[in-house]
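Asks: Okay, here's the structure, questions in a sec.
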Amino acid sequence: MPRPLRYMLLFLLAFTLITSSILVTAQTETPADITPSPSRILIPPDPAHLQDIFERINAFRARYGLPPYALNVSLSRAAQDQAEWLVSTRSRTHIRPDGSSPSSRVAAQGVATTGWCCGENYYMSIDATPELAFQFWIWSSYHLPNVVHRDFTDIGLGMSSDGYRTSYVTVFAEVVNGAFASNVSPSTGDLQFEPIPTLSVPVPTALSLPTPP
């Protein structure tokens, strides 16, 4: 074989091996790039944002003759824990892989509960604001019952951000004589809500609006 041709074949072989190595490396590293990292740095919640949501929810309840929610420290701790978990794992769920639920997260804060005790709303996006979160909740037939619940008395609020995406979480419960009450039997589960109360002013439903952002 002529020497120039031999050199060309060796060059092509070396080029092929190098290119294949680069492609294999890229394919191997891609999943790692999108795997949620629980160690990402989170920005502390903004009290002004949480106050904004708190006031919006109570103002909305007042429109329908419902008493305002009281801000509850234990519920806020549970809400903050969930807000941070949503952002750090980039997950969108009320029930975590380890089985943690809204009620169990409240119980983890040292609150005595029996079965199902609490409701939870969350909103997370790269452009999340108190306004977007609130509008999403009141126009969602799954989230509105927590906002206008006839039995819940207390609310907890949480917020977290990694500088890219932001989450807002609200946790609701009924407090009677300083203790949390169970509103429904444990068999109904965390994601089952009681009916929306009958009010003198019609409560909006998701069916009458465009799909929320």
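The values are calculated or read from the model by the stated rules, or taken from the named source; none is laboratory data. Note that the structure is predicted; figures quoted are calculated from it, not measured. All Cβ positions, even for glycine, are placed from backbone atoms using ideal geometry, and neighbour counts span all protein chains on display. Protein only, heavy atoms only, side chains kept; ligands, DNA and RNA dropped before computing areas. Shrake-Rupley method; radii C 1.70, N 1.55, O 1.52, S 1.80 Å.
Asks: I'd like the accessible area for I138, computed on protein heavy atoms only with a 1.4 Å probe and all protein chains in place. Round to 10 Å², please.
Replies: About 10 Å², rounded to the nearest 10.
Asks: Given the peptides 77-83, 148-154, 64-70, arrange them by the average over their residues of other C-beta atoms within 10 Å, most packed first.
Replies: Highest-to-lowest ranking by the protection proxy: 77-83, 148-154, 64-70.
Asks: Which FRET efficiency value, to the nearest 0.05, is calculated for A62 and D98 with the Förster distance at 41 angstrom and r the Cβ-Cβ distance?
Replies: Result of the calculation: an efficiency of 0.60.
Asks: Rounded to the nearest 10 Å², what accessible area does E131 show when all protein chains are kept and the probe is 1.4 Å?
Replies: Its accessible surface works out to 70 Å², give or take rounding.
Asks: Going by the alpha-carbon gyration tensor, a ≥ b ≥ c the square roots of its eigenvalues, is the stretch 51-178 rounded (a/c under 1.5) or, if a/c is not under 1.5, prolate (a/b greater than b/c) versus oblate?
Replies: Since a/c reaches 1.5 but b/c is at least a/b, the shape of the stretch 51-178 is classed as oblate.
Asks: Follow-up question, since we're still on this one. So if R0 is 25 Å, what FRET efficiency would Q51 and I126 give, r being the distance between their Cβ atoms, rounded to the nearest 0.05?
Replies: 0.65
Asks: Right, here's the next one. Could you state how much accessible area S125 has, in square angstrom rounded to the nearest 10, with a 1.4 Å probe and all protein chains kept in place?
Replies: 20 Å²
Asks: Also, I was wondering about something else. Mind checking the per residue accessible area of the stretch 74-179 for me, 1.4 Å probe, whole number of Å²?
Replies: Per residue, the stretch 74-179 has 36 Å² of solvent-accessible surface.
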